[in-house]
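A quick write-up on the structure given underneath.
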Amino acid sequence: MTKFLLAVHVLAAIVAIGPVTVAASMFPPAARRALAAPDDARAGETVRLLHRICQVYAAVGLAVPVFGFATAGAMGVMGDPWLITSIVLTVLAAGVLLVLVLPRQEVLVEGAGARETTVRLAMFTGVFNLLWATVTILMIVRPGSTTGA
């Protein structure tokens, strides 16, 4: 059962978090193009599509910690420092996405905001991606882990 839970957890992370990180990274330059050419319908459509991808896959991404907790429980590693650190970083990443990234994307999708908004958005997106990269590394390396799984 542990291997099944781990496989679902990893697949959920790949399927859910991957698209969010890519679409969120693509959004600021797409928004800059849309701001520079307000009459370009295609640029606006791209911005709306990227925002929608981020919203949908952020919701789908809830499966990642659900299966993560199930996997950690099955492996008996709930109190391990690498896992606790990963949980904290995951909460921070979710917070950055929900409080700093998605609302700024929404402002730009609605046609408000300016180039400065895209610059801040790019910075917050970078922080979000860095947090997820760190969590991924912790999940692979698992410093101090003795489980061998």
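Since every read-out is calculated from the coordinates, none of them should be taken as a lab result. Remember, predicted model here, so these are calculated numbers, not experimental data. So basically every Cβ, Gly included, is an ideal-geometry build from the backbone, and we count neighbours across all protein chains shown.
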Wholly within region 74-149, which helices (runs of 4 or more DSSP H) include no fewer than the required count, namely at least 3 residues that are aromatic (F, W, Y)? 115-141
Are there any pairs, at least 6 apart or on different chains, whose C-beta atoms fall under 8 Å, with the first in region 115-140 and surrounded by 13 or more Cβ atoms within 10 Å (Cβ to Cβ) and the second part of a helix (DSSP H, G or I) and basic (K, R), and if so, which? T117/R104; T118/R32; R120/R104; L121/R104; F124/R104
